[in-house]
C-alpha cells in the first residue's frame, strides 16, 4: 500500500513542480481521527520549488484522492497531508500485521554478534545485572525475528585477582569442601576476606600470589578455579532460565589466555603499541581523538581488560566473520569502549561495525550496593519478591483472575513485571530501582499486557474462533475498530524501528498503546453479539491483537498466559 501511495505522490510532485526522486516519509498520526497515514513532505519540500506548503499539499491530496484504495485525503495545519484508506485496503493491509508475528526467512548475510550479561564468576547477580542481560536478549530476539543470524555471547569475568582472594579465604575460613559450597557460601567468604584485610593488609599480597599461581598453571589452584566456575555457572543458568535468556556461547576471559600474545606482538610490530611510563606497554591515539593513552600490558607483563578485549575481538572476527558486533555494557564504560574501538582501528584490521549499546546506571532509593560489603540487592531475591507480590494480587482478585495454575501465573507476572520495568524505559536514561514502580501491576506494566492478552483469548474461546480471518469486505471501519486496526498496522514498523535503533522500549511502549486501544475497542463494541462480516471483522481484530501481544512480549522475554 505504501508503495502505491508513494508512487502516486512522487508522480504528482514531478508533474506539478518538477521534483524528481523526491523522498516521502509516511507515519501514522498519533490521533486516529487524523487519518490512517500522514506525510509532512509538502512542508519539507516547499522551499526547493518556491511554493507554499499548502499549495503542494493540495496537489498531493488531489492525486491521492484518485487512487482506488484511498477513501479521502485532506490538508491539515500548515501543510500536512492526512490520508484515509478504504475499508477494503485496510483489511488487506491487516494481513501484514499477522505476517509480522512470524519470524522472517533467514537472511543470507554475515551474522550479528551480541555480547551481553557478562557477570563475574564467584559473585551472584545483582539487580543491576538485569540491565545488560534483558536488553541484550531482547535485541538478539529482535534481530533473529527479522531474519538475521545472531550469535549471543556471555563474556564471563572468570579471571582476575578475585580468585586469589577467594582461594585465600577458602583456605583460611572455609568450613566445608568446595564442592559442597553454594554461591552464597562463596560470597560470604569473599566478603570476609575484605573485612579481614582491613586489619591484615598482608592478605592482599597472599591473594596476588595465589592468582599468580593460577595463571602459571598450578594444578591444585587450577582445579579450585574450575570448581568455582562450575558452582557459579550452575547458579547463573537457573536465573537465566527464569528470565528466558540464553546464549550461543559462554566464553570466559580465561578462554583468551593463549590468544593475547600474538596481538601484543602484532601491535609492537606495527608500532601501535609502544613503551610508556614505568615500562608498561601502551597505545597512544591521535590528538584529535582527545583520548588519553591506554595501557595494553602492565610493567610486570600482566594483562588487563584491554588486552583480553583485543584478543576477544580478533577471535570473533576470525571465527564468526560478523557484519557487526554489539557490546551491551553500561554507560560507565563509554570512554573505555572509545579507546578499545580506536585501538582496533589503529591495528589496521578489516573490522565489522562496532557499537557500544549504552544503558544508564541503576541507582537505589534507600541504600548503596557493594559486593565487597555483601549488601548487594540480589536479582534472584528481587524476582522471588516479585512473584510473592504477584501471588498476593492473584489472591486479592480471585473473582476476576482465572487460572488453573496460580504458581505458574505468579511467576509469569512477577518476573515479567521486573523485566518490563527495565525494557519499557529508554535504555540511555538512568533508572532508580523502586519496589513500588518496578513491581506495579497496573497501567504500563507486564501484568496489564498479560491481562489484555488473556482477555482477547477469552473472547476467542467463547466464540470458538481461534483461527478468525478478516472478511473480504466490510462496508465501513470506524471508531474504535479503525483505531485498533491502525495500531495493529504499526507492528511491523515498530519492530524495525526498535531493532534498527537498538531501543527495546519502543516495542514495549507500542504494546502498551495496543493494549489501551484493544481495551477501548472491547468496551465500546459488541464482539460476540455481532453478525456476518462485522462479527468476523471484530473477531479477527481480536485474534490479531492476541498474536501481536504474544509475539511482542516474547521478543521482550516476557511470557503471556491464555487465561488470567
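The angle between the Cα long axis of helix 532-555 and the longest principal axis of the Cα atoms of the chain comes to about 20 degrees, rounded to the nearest 10. Assign one of three labels to the chain, namely rounded, prolate or oblate, based on the Cα gyration tensor with a ≥ b ≥ c the square roots of its eigenvalues; rounded applies when a/c is under 1.5, prolate when it is not and a/b is larger than b/c, and oblate otherwise. Because a/c hits 1.5 or more and a/b fails to exceed b/c, the chain counts as oblate.
Relative to the longest principal axis of the Cα atoms of the chain, the long axis of helix 183-196 makes an angle of roughly 50 degrees. Can you bin segment 379-555 into rounded, prolate or oblate? Criterion: square roots of the alpha carbon gyration tensor eigenvalues sorted a ≥ b ≥ c, rounded for a/c under 1.5, prolate for a/b above b/c, oblate for the rest. It comes out oblate by the Cα gyration axes. Over the chain, DSSP H runs of length four or greater, each weighted -39,500 (n - 2.57), average out per residue to a 222 nm ellipticity of -17000 deg cm²/dmol. Annotation: the antiparallel percentage among DSSP beta bridges lying fully within the chain is about 45.
Look at 292, 417, 38 and count the other Cβ atoms within 10 Å of each Cβ; fewest to most, that gives 292, 38, 417. Taking a ≥ b ≥ c as the square roots of the Cα gyration tensor eigenvalues, with a/c under 1.5 meaning rounded and otherwise prolate when a/b beats b/c, else oblate, which class fits segment 236-291? Cα axes put segment 236-291 in the prolate bin. Remark: relative contact order (the chain) = 15 percent; criterion is Cα-Cα distance under 8 angstrom and separation of 6 or more residues. Between 0 and 90 degrees, rounded to the nearest ten: what's the tilt of helix 305-320 against the longest Cα principal axis of the chain? Once rounded, the angle reads 50 degrees. In terms of surrounding Cβ atoms within a 10 Å radius of their Cβ, 61, 544, 181 rank from fewest to most as 181, 61, 544. How big is the gap, in Å, between the Cα center of segment 193-231 and the Cα center of segment 457-524? About 56 Å separates the Cα centre of segment 193-231 from the one of segment 457-524. Each residue in 263, 304 was given a count of other beta-carbon atoms within 10 angstrom of its own, and listing them fewest first yields 304, 263.
The packing ranking of peptides 145-151, 78-84, highest mean first, is 78-84, 145-151, where packing means the average number of other beta carbon atoms within 10 angstrom of each residue.
Throughout, read-outs are computed from the coordinates displayed, never taken from laboratory work. Computed from a predicted model, the values in this text were never measured in an experiment. Every residue, glycine among them, receives a Cβ derived from its backbone with ideal geometry; neighbour counts consider all protein chains shown.
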